[in-house]
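Asks: My questions will all concern the structure given below.
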Amino acid sequence: MQSKSSQLIKHIRIVSPSGVIDPSFIDGAAARLRAWGFEVSEGCHARDKYGRFAGTDDARLADLREALEDTDVDAVLCARGGYGMQRIIDRVPKIQKPIIGFSDITALHQVAALSHQPSVHGVMCKHIATLPEDGEVLSALRAALRGEKLEYSLPAHPLNRQGTAEGPIAGGNLSVLYGLQGTPFGIQNSQFTMHNAQFTMHNAPILLIEDVGERHYHVDRMIRNLRLSGVLAQIGGLIVGQFSDCEDDPSMPGGSIRQTIWEAVADYDYPVVFDFPCGHVERNLPIRLGSPAKLLVEKDGVRLTMA
């Protein structure tokens, strides 16, 4: 099976490797993707329900395996996140085509990173089906799927740290990354392998983190884990996305989750961006993982460019 990373995407397979999904969102997403000119198919078990999961572990894995091994499929769109990937991640075959998704799909992006396969951290079936056709998010997703350059300009944030970083973007959902630490799929294994000459201090990965529904002290625990395990010392930049439904705890030092994250990286000198529009929000801009990117953080604003 040859890599699809440098080829145009024509055929997208929809699979549900994690949580159960409303089938109407699959229908809506498929219709919109077809209207954009893509061929769309779906896994046999994409609409299954097995408790909170979209089918049994074996069924979800079978759909994923078939999508990854089918040479007629150019990219795999995960129907939704939720939870479930960690139950089957050790049985996923080598990934050699783009994966599209976020949240629990961060685990699958980690598998792709082991093979240096670029993927897309972005919206899945619900938002593809329901967001405005001509809106910012779907316009950017369409561009990403067509292999076009992505470039975002953002306003300044008071906690941003200025600087420039060039390198592949890695990461995604902080809770999923935290849950994979100490395993073969941990971010330190897939992105920061010391003998991998692809990455140097001049093009170290830019880490992306976002989350939803976590307590302030647990966010602190997770970001400190990345610090203690050496991840935060090895990155070339940090993009902090949205921490939705994560309430600030005034009893924590600094009083805010943003401040907690800033304190965890205060000793380093790479650029840091806060409030990037990605994560569990409608304005979830697609981000290319594992592809060349440039992050420029200045006093007046931020620019992120992805080839």
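Asks: Say the dipole of the stretch 150-306 comes from +1 at the beta carbon of Lys and Arg and -1 at that of Asp and Glu; which of 184, 209, 157 then lies farthest toward its positive end?
Replies: 184
Asks: Provide the descending list of Cα extents for the chain along its principal axes, expressed in whole angstroms.
Replies: Principal-axis extents of the chain (Cα, largest first): 49, 42, 38 Å.
Asks: Using a Gaussian network model on the chain with a 10 Å cutoff between Cα atoms, which of 76, 92, 272 fluctuates the most?
Replies: 92
Asks: By how many nm would the segment from residue 50 to residue 294 lengthen if fully extended, with 0.36 nm per residue of separation less the alpha-carbon distance?
Replies: 83.6 nm
Asks: Let me ask something additional. Relative to the longest principal axis of the chain, what angle (0 to 90°, nearest 10) does the C-alpha long axis of helix 23-35 take?
Replies: Value to nearest ten degrees: 90.
Asks: Could you sort the peptides 229-236, 296-303, 164-171, 179-186 by per-residue average Cβ neighbour count (10 Å cutoff), highest mean leading?
Replies: In decreasing order of mean packing, 229-236, 296-303, 164-171, 179-186 become 164-171, 229-236, 179-186, 296-303.
Asks: Follow-up. Find the relative contact order for the chain and round it to a whole percent, using C-alpha pairs within less than 8 Å whose residues are 6+ positions apart.
Replies: 19 percent
Asks: On to the next question. Top mean-square fluctuation among 228, 77, 174, Gaussian network model of the chain, C-alpha springs under 10 Å?
Replies: Result: 228 has the largest fluctuation of those listed.
Asks: With labels modelled as points extended 7 Å from the Cα through the Cβ direction, what inter-label distance (nm, one decimal) is found for residue 34 paired with residue 134?
Replies: My value for the distance between the label points is 2.4 nm.
Asks: For the Cα atoms of the chain, what angle does the longest principal axis make with the long axis of helix 216-228, in degrees from 0 to 90, nearest 10?
Replies: 80 degrees
Asks: Considering only Cα-Cα distances, which of the following residue pairs are longer than 24 Å: 97/149; 49/94; 97/126; 49/126; 10/149?
Replies: The pairs that break the limit, which is 24 Å between Cα atoms, are 49/94.
Asks: For the stretch 150-306, what is the relative contact order in percent, using Cα pairs closer than 8 Å and at least 6 residues apart in sequence?
Replies: 37 percent
Asks: Given +1 on the Cβ of Lys and Arg, -1 on the Cβ of Asp and Glu, and no further charges, what dipole in debye does the stretch 11-145 carry about its Cα centre, rounded to the nearest 20?
Replies: 260 debye
Each reported figure results from applying straightforward, stated rules to the coordinates on display, with no laboratory input. Keep in mind that what you see is a predicted model, and the values were worked out from it rather than measured. Counting neighbours? That spans all protein chains shown, and the Cβs are built from the backbone with ideal geometry, glycine included.
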